[in-house]
Amino acid sequence: MNNKSTYLTVKDHSVSGEEFQLFYNSEYDMLETYPQPKSEKLSEYYKSDNYISHTDAKRNLFEKVYHLVRSISLKRKLKLINSFSNSEKNLLDIGCGTGDFLQTAIQHKWNAFGVEPNVQARTIANAKTNNQVFDVDKLQTFKNERFDVITLWHVLEHLPNLHFEIKTLSRLLKPDGRIVIAVPNFKSYDAKYYKNFWAAYDVPRHLWHFSQTSISTLFSKENMSIEKIYPMTFDAFYVSLLSEQYKTGSKNPLKAFWVGWQSNFKAKRSGEYSSLIYVLKKG
C-alpha cells in the first residue's frame, strides 16, 4: 500500500448502495476499487434490470437513444478494425454483451468469436451469431497467437485478475495483430466535474480506473505499445446524464449536455476525453 493513497469514496448507485474507496496507484497512475468483491460475489453486483449492456431493452427514451448511439458506434468500430492491414480476419471480442458488434463483424466477413460471462447476454448473443459466443473458460483453450484483432469494448475495467488477463491477451494475439481497448478516463473533465457522482466509476463493477499512462505502463510489461488513441465523444453525454441522475435525482438533459460538451471541448486540447479507445500492438 506504500504507493497507494485514498482518492475518493464512491457509492454503488445502481445496485447495492454500498460505498467503496478508490485508491490511487502511483506506480501505474490509475485508481483501484477497494474492497474488490470476491469472485463468487461479483456477479451479484450485475443483477439489475438497468444494466443495459446485458439486455436489448428499449423501454424508455434513454434506452432508445442508447441503442441509436450504439448503432452509430458499431459502424465506427467496424471501420476501425477493417483499417488494420491483416491478411486474415480472425477476431475475438471479449465481454461481447448481447453480441451486436460480433454480429456486425461476422456480417462483414470476419471469422469472429466472442466471450461473455453473463448467461442472459450470452444467450442473446448466440442467437445473433450462430453460437459463436462462449463462457470465459474458453479463453484458456484457444491456441496461442490465433487472433488478428482482439477487442474489449468497456471490458478491461471489469476484469479481476488484471495482469493475468493482459498476459492472456498477449498470448492469444498474432505477432502483427492489434488489441483494441475502450475504457473510461478518470482524468476527463466530466470525471473531475462530477467527482464521486461520476457514473463511469460504476463501483464495484469497475475494478480499475485507467489513465493513458496506466494503459501504456501495464501493456509495456508484455512488450506492447500504444499505436493510436481515439476519442469516444458520445460517452461524455451518456455518462453525464447518469451522473446528473446520481447527483440530483434527475437526468437534467440540458445540464448533462452542457457538461458533456464542455468535456469534449476541453479534451480537444488535453486529449483527456471521457472515454478513450486504445489500439495496441506488440513490439
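Values quoted throughout were computed directly from the atomic coordinates according to the rules given, and no laboratory measurement underlies them. Predicted model, so just to flag it, every value in this text is computed and none were measured. Cβ atoms come from the backbone with ideal geometry, glycine included; neighbour counts cover every protein chain shown.
Quick check on the exposure proxy: order Tyr278, Tyr7 from fewest to most C-beta atoms within 10 angstrom.
Least to most surrounded, the residues fall as Tyr7, Tyr278.
Could you derive backbone 3J(HN,Hα) for the range 273-280 from the dihedral phi with the Karplus parameters 6.51, -1.76 and 1.60 (θ = phi - 60°), listing whole Hz in sequence and x where the residue is Gly or Pro?
My calculation for the range 273-280 gives 6, 4, 9, 10, 9, 10, 9, 10 Hz in order.
Of Leu218, Leu152, how do they rank once you tally other Cβ atoms within 10 Å and put the fewest first? Working shown, then result.
On the way: Leu218 19, Leu152 23.
Final ranking by Cβ density, sparse to dense: Leu218, Leu152.
Suppose a student asked you for the relative contact order of the range 124-178, using Cα pairs under 8 Å spaced at least 6 residues apart; what percent would you report?
Computed value for the range 124-178: 43 percent relative contact order.
Among the listed pairs Lys11/Lys255; Lys187/Lys247; Lys41/Lys228, which are separated by more than 28 Å between their Cα atoms?
Over 28 Å Cα-Cα: Lys41/Lys228.
Mean residue ellipticity at 222 nm from the helices of the chain, using -39,500 (n - 2.57) per DSSP H segment of n ≥ 4 over the full residue count, to the nearest 500 deg cm²/dmol?
-11500 deg cm²/dmol
Label the chain by shape, choosing from rounded, prolate and oblate, from the square roots a ≥ b ≥ c of the eigenvalues of the Cα gyration tensor; if a/c is under 1.5 it is rounded, and otherwise prolate applies when a/b is larger than b/c, oblate when it is not.
Rounded is the answer for the chain, as its axis ratio a/c remains below 1.5.
If a/c stays under 1.5 just call it rounded; otherwise compare a/b with b/c (prolate if a/b is bigger, oblate if not). Do that for the range 70-171, with a ≥ b ≥ c from the square roots of the Cα gyration tensor eigenvalues.
rounded
Which of the peptides 154-166, 192-204 is most tightly packed, and how do the rest follow, going by the mean number of other Cβ atoms within 10 Å of each residue?
Packing order, densest peptide first, comes out as 192-204, 154-166.
Please order Lys247, Lys41 by the number of other Cβ within 10 Å, starting at the fewest.
Sorted ascending by nearby Cβ count, the order is Lys41, Lys247.
Distance between Cα centroids, the range 232-247 to the range 96-125: provide it in whole Å.
About 26 Å separates the Cα centre of the range 232-247 from the one of the range 96-125.
Under 14 Å from the Cβ of Ile106, count the other residues' Cβ atoms, weight Lys and Arg +1, Asp and Glu -1, and hand me the total.
+2
Quick one: grab the alpha carbon gyration tensor of the range 89-230, order the square roots of its eigenvalues as a ≥ b ≥ c, and give me rounded if a/c is under 1.5, else prolate or oblate depending on whether a/b is larger than b/c.
oblate
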